[in-house]
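The values are calculated or read from the model by the stated rules, or taken from the named source; none is laboratory data. This is a predicted model, so every value here is computed, not measured. Cβ: placed from backbone, ideal geometry, glycine included. Neighbour counts: every protein chain shown. Each accessible area value is taken on the protein alone, full model and side chains, heavy atoms only, with ligands, DNA and RNA left out. Shrake-Rupley method; radii C 1.70, N 1.55, O 1.52, S 1.80 Å.
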Amino acid sequence: MEAITNNRGLGSGSRRAFIIAVPIAILLFFQFYGLALTKERDDLSEEKAALRAKLEQAQDQVMGLTNEMRKLNRHLLAVSSEHGDHSKEKEALRAEAHHKVMTLTAQMNNMTDNLLKVTKERDEFAMEAQSQLTTLMEKMSNLNVQMDQMKISKEGSTKQNENGAFGATGSRFSGIKTRTFDRRDLSTTPIKGAKIHPLSSPGETPNACHQWAVVTTINPPNDSINYVGKMRNWCLVIVGDTITPDEEYRTISNQENVFYLSAAFQKDAYMGKGLPFVDRLPFKSFARKNLGYLFAISHGAKVIFDFDDDNVLLQLEDGETTPPPFRHFPGDVSHLTVLLKYTSGKEEKGKAGNSSCDLAFNPYTYMNPSLLNTWPRGFPIECLRDNLSRMRAETVKGDLVLSSIGVFQSLCNVDPDNDSILRMTRIDSTNFYFDRSISALPIMVPFTSYSPYNAQATTHLYSAFWGLYLPITVPGRVTDIWRSYITQRIFKDLNLYVLYTPPIVNHLRSAHDYVSDFVAETDLYTKTTKLLDYLNRWSSNDPHLAQRILDLWIGLYEHEFIELADVIAVKEWLEILSMVGYEFPEVAGHLPLLPQAQPLINDQPFRVFPYFDIDVTRGKVTNLPNTGQLTMSQFQHVSWRLRPPNAIVKIIMMTMNEWPLVKSWIFFHGEVVGFHNLYILDSSTDPRCLSFMRYARDILGANVIFADINLNEIAYG
């Protein structure tokens with residue numbers, strides 16, 4: 001049996017020798033190849049020097065001939081004075097001198113051309129050789145690190161059992177620091193840049209537009225793009241790529257609020273114009289979308305809806321109105337709040353002991369999906385068993401100050417944004433829905449937690465624009481998820497929250513190869529928990545937000561979550577943001593504002609005048625009632641100094657099936673007194689009224705209570 005076993009393959013000793021020998025052999029190959037490239041580069045330098053010497057010698061010869069020709073000319077003049085202008089001797093001498101000069105001049109020109117040609121070829125080859133040498137040295141360094149890890153790693157090492165046999169397991173990503181970034185390559189001063197004009201537009205310069213939507217596509221216009229292009233008071237920038245059918249965007253780009261940036265226009269208008277960030281963005285990449293963000297910001301964006309070309313905005317039940325994902329409120333918004341639900345802070349039952357998994361928050365659990373036990377793309381896969389087996393935490397309904405929110409992630413119906421594992425293993429994984437009934441509310445991601453958000457239906461507020469950058473050195477299935485986690489770490493220094501909202505789009509995903517998706521998502525499966533660990537440990541004391549962001553990206557490079565090009569690109573991104581006039585928020589110097597419980601009617605919250613004291617200097621709630629019920633004793637603790645300055649009047653309306661009058665009424669009175677000061681009791685059964693009322697509550701900010709009673713039959717006594 002031993003002979004048969006040995007003939008079938010490598011024995012354990014040979015296997016270990018083979019595992020060690022392969023990296024060593026590769027390392028030796030790289031070393032010898034690198035030495036060969038270095039020698040060839042040196043030889044090229046010597047050859048260039050020899051050619052330059054020949055050129056100098058030829059130039060000296062030409063100068064000598066030029067002097068000789070001058071002497072001949074003087075002699076010709078003398079001969080001419082003695083023999084006349086038609087002297088045969090003069091003509092012969094002139095012809096001989098001219099022939100010599102022309103011959104040597106031609107020789108010099110040929111030598112010069114040859115030298116320039118050879119020098120150019122040699123320079124290009126030398127640069128390529130230098131680049132290959134640098135790459136090889138990096139690979140050699142990484143191999144050295146990997147070999148060291150093979151020696152010390154406990155996970156993934158071969159272990160000998162009691163019978164003397166070895167069993168091999170796969171090695172996992174460690175997340176440890178494996179390289180050091182040379183900070184001399186970047187300025188350590190606060191990031192800033194000279195002001196520049198807004199990025200040029202392919203058509204007329206956009207008017208004052210504060211609400212922008214951004215998409216990149218290689219497909220013709222569809223409902224996803226057309227619906228957004230029709231949104232009132234919104235502008236749309238479409239970032240084309242090299243294979244986008246430009247001609248098919250001619251019609252939609254004629255709209256005054258739509259701007260199509262073809263690949264040809266991008267190359268002509270932006271590239272090679274002293275904007276290194278734009279030059280660095282690759283074509284045929286999802287990260288090309290970064291140019292759209294920059295375009296919108298440079299043209300005055302205050303809010304950006306980041307969407308994908310297969311996510312179609314849901315229309316209201318009237319069949320003609322496409323509600324926008326958000327409404328920008330100009331001026332002071334410190335008094336504006338968003339109705340939501342948030343976890344009570346009580347520990348979830350069955351909570352895992354793994355710290356990485358404790359950091360991960362699964363919002364799907366709180367959004368009533370039609371398919372149970374689901375999760376968003378980017379949620380750490382190794383935490384699923386513990387997460388899905390827990391009893392979800394209790395939630396409280398209330399509101400949160402709008403200025404404390406950085407990003408709204410909107411869910412999508414039909415084929416939600418799940419990873420390939422869920423899609424390949426679950427029946428109906430590409431056909432399920434989330435609750436968007438009149439009782440559905442956003443869920444706030446806890447301040448100390450992380451949830452992945454995507455680039456398919458997210459709304460970014462001005463204070464979070466710096467976090468729009470999509471990494472360029474990771475696959476497209478990873479780039480927006482990495483962006484979300486990295487941004488949320490900085491949110492904790494700015495006291496900003498992420499909200500998951502009920503769905504506002506249908507995801508009509510084109511056919512995909514799920515195995516290919518699985519390969520592209522590898523980092524999500526193998527690195528996410530390590531990323532959360534690192535983000536949770538990371539800290540910075542730099543007072544400048546831009547420099548703090550850059551420091552985080554440098555750390556991510558040193559721990560192999562991203563590559564060097566992203567560090568350079570992030571610095572250039574932060575600089576160009578400053579150049580187009582973006583104002584970075586200040587690092588917070590106080591505790592985050594907390595969501596506040598609000599009273600309920602039919603289990604639905606509505607805003608009331610503050611009935612609790614707040615210590616403004618410390619940002620601490622001092623008298624928060626435990627229930628949503630309002631009592632007279634609580635009114636005695638009102639902080640009158642917190643009264644909103646524009647709360648002039650509140651309007652209360654009862655309505656039932658008054659379409660379309662109710663639509664005009666809400667828009668008019670909301671603009672006059674503020675949507676937050678409208679209180680509407682609605683008992684409609686007309687789906688058009690219900691869908692608009694939900695929009696008025698969730699987007700416009702009105703207080704709407706849905707009731708089952710027939711308001712027309714109320715008896716007064």
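Just a few scattered comments:
- Of all residues making up region 245-258, the number that are over 22 Å from T321 (Cα atoms) and open to solvent by 10 Å² or more (accessible area, probe 1.4 Å): 5
- The lone exception for R694 - which of (1) under 26 Å from G331 (Cα atoms); (2) at pLDDT below 55 it fails: (2)
- Checking each residue in region 490-499 for being part of a helix (DSSP H, G or I) and under 17 Å from the mean Cα position of the chain (by Cα) picks out I490, F491.
- All of (1) touching a strand residue (DSSP E or B) at 6+ places or on another chain (Cβ under 7 Å); (2) surrounded by 17 or more Cβ atoms within 10 Å (Cβ to Cβ); (3) polar (S, T, N, Q) hold for N418 with one exception: (1).
- Of all the listed residues (P625, P644, P610), the sole one being modelled with pLDDT of 50 or more, open to solvent by less than 50 Å² (accessible area, probe 1.4 Å) and assigned to a loop (DSSP other than H, G, I, E, B) is P644.
- M653 fulfils the conditions (1) surrounded by 17 or more Cβ atoms within 10 Å (Cβ to Cβ); (2) at pLDDT 90 or above except for a single criterion, (1).
- The residue that is surrounded by the fewest Cβ atoms within 10 Å (Cβ to Cβ), among those in region 500-521 that are in contact (Cβ under 8 Å) with a residue 40 or more places away in the chain and in a helix (DSSP H, G or I), is V515.
- Top-ranked residue of region 166-186 - restricted to ones that are more than 18 Å from E560 (Cβ to Cβ) and open to solvent by less than 50 Å² (accessible area, probe 1.4 Å), ranked as modelled with the lowest pLDDT: G167
- The set of residues from region 489-540 being of a type in the set (A, V, I, L, M, F, W, C) and more than 30 Å from N431 (Cβ to Cβ) comprises I490, F491, L494, L496, L531, L532, L535, W538.
- For beta carbons closer than 6 Å, sequence separation of 6+ or different chains, a first residue in region 541-562 that is under 17 Å from F584 (Cβ atoms) and a second that is open to solvent by 10 Å² or more (accessible area, probe 1.4 Å) and of a type in the set (S, T, Y), the qualifying pairs are R548/S540; D551/S540.
- Leading residue by the ranking (farthest from A569 (Cα to Cα)) among those in region 286-320 that are polar (S, T, N, Q) and open to solvent by less than 30 Å² (accessible area, probe 1.4 Å): N311
- Scan of region 524-539 for residues that are touching a residue at least 40 places away in the same chain (Cβ under 8 Å) and either farther than 15 Å from V478 by Cα or surrounded by 21 or more Cβ atoms within 10 Å (Cβ to Cβ) (or both), ordered by number: L524, K527, T528, T529, L531, L532, D533, Y534, L535, N536, W538
- Scanning region 393-446 for residues that are within 23 Å of P324 (Cβ to Cβ), in a loop (DSSP other than H, G, I, E, B) and over 27 Å from the mean Cα position of the chain (by Cα) gives D435, R436, S437, I438, S439, A440.
- The condition of being of a type outside the set (G, A, S), closer than 17 Å to R179 by Cβ and open to solvent by 60 Å² or more (accessible area, probe 1.4 Å) holds for L564.
- Cβ separations smaller than 9 Å between residues 6+ apart or across chains give the following pairs from region 272-294 residues that are free of Cβ contacts under 8 Å to residues at least 24 places away in the same chain to residues that are among the acidic types (D, E) and open to solvent by 30 Å² or more (accessible area, probe 1.4 Å): G272/D279; K273/D279.
- Remark: pairs (first residue in region 669-682, open to solvent by 20 Å² or more (accessible area, probe 1.4 Å); second residue part of a helix (DSSP H, G or I); Cβ separation under 8 Å; 6+ apart in sequence or on different chains) = L681/L711.
- Hits in region 447-489 - residues which are assigned to a helix (DSSP H, G or I) and aliphatic (A, V, I, L, M): A464, L468, V478, I481, I486
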